[in-house]
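Taken together, the values in this text are just the output of simple stated rules run on the coordinates, not laboratory data. What you see is a predicted model; the values in this text were computed from it and never measured. Glycine gets a Cβ as well: all are built from the backbone with ideal geometry, and neighbour counts include every protein chain shown.
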Amino acid sequence: MNIVLIGFMGSGKSSIGRVLAKQKGMYFIDTDSLIESFEGQKIRDIFANHGEGYFRELEKKTFNWLSSCVDNAVISTGGGMPTVIDSFEKLGKTVYLKVDFETLLERLKAEEFDKRPLFADVEFAKKIFEIREPIYTQKSELIVDANMEFESVLKEVSSKA
Ligand code: S3P
């Protein structure tokens, strides 16, 4: 069984996921990194060269591939993946790292915005945030308050997942 972390950009999916995996003796997979290595391009270049629709297709393909052959892994997903995947059930136990928009703004400094094409415009990012909130809630088995400091979030996820 896998643990799947979902949530908005900057919610801590990758940083929490990496440490969680180590603690639990599981593998760690980050879907963005996987897509970057499949494609040989950074996420921002995939968006710039091929558009968002192409990237979402890659996310679906990655999800199907992971579901067919990965076990015993903590999987950190791109923030938009739950918008194109109906259910994460067949992949594993899904945990939503829930943060407030204000927390995200504090965490994601300007240089981080550059790595995340959808965060280039903060107003736009806030809109997506509001649209996605119910999607993350609906597609998760467990919701963890990820506004807390790293160690507290990690402890919470680790004890419940
Ligand atoms: C996206 C989130 C990013 C990355 C891409 C699109 C999104 O992942 O997949 O820039 O639509 O929210 P992170 O959530 O890991 O930043």
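Key figures
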| quantity | calculated |
| --- | --- |
| From phi via Karplus (6.51, -1.76, 1.60), per-residue ³J(HN,Hα) for the stretch 33-49 in Hz, x at Gly/Pro | 5, 4, 5, 4, 6, 4, 8, x, 9, 6, 3, 4, 6, 4, 4, 5, 7 |
| Extension gain (nm, one decimal) between Phe101 and Glu149, 0.36 nm per residue minus Cα-Cα | 15.7 nm |
| Inter-label distance for Asp86 and Ser37, nm, one decimal - labels placed 7 Å from Cα along Cα-to-Cβ | 3.0 nm |
| Nonlocal amide H pairs with Val4, under 5 Å, H built at 1.01 Å | Ile75, Lys93, Thr94, Val95 |
| Cβ crowding within 10 Å averaged over residues, with 34-45, 91-102 ranked highest first | 91-102, 34-45 |
| For the chain, size of Cβ-based charge dipole, Lys and Arg +1, Asp and Glu -1, in debye | 420 debye |
| Scaled radius of gyration (Cα, divided by 2.2 N^0.38 Å) that the chain gives | 0.97 |
| Built amide H within the under 5 Å cut-off of Phe28, gap 5+ | Val74 |
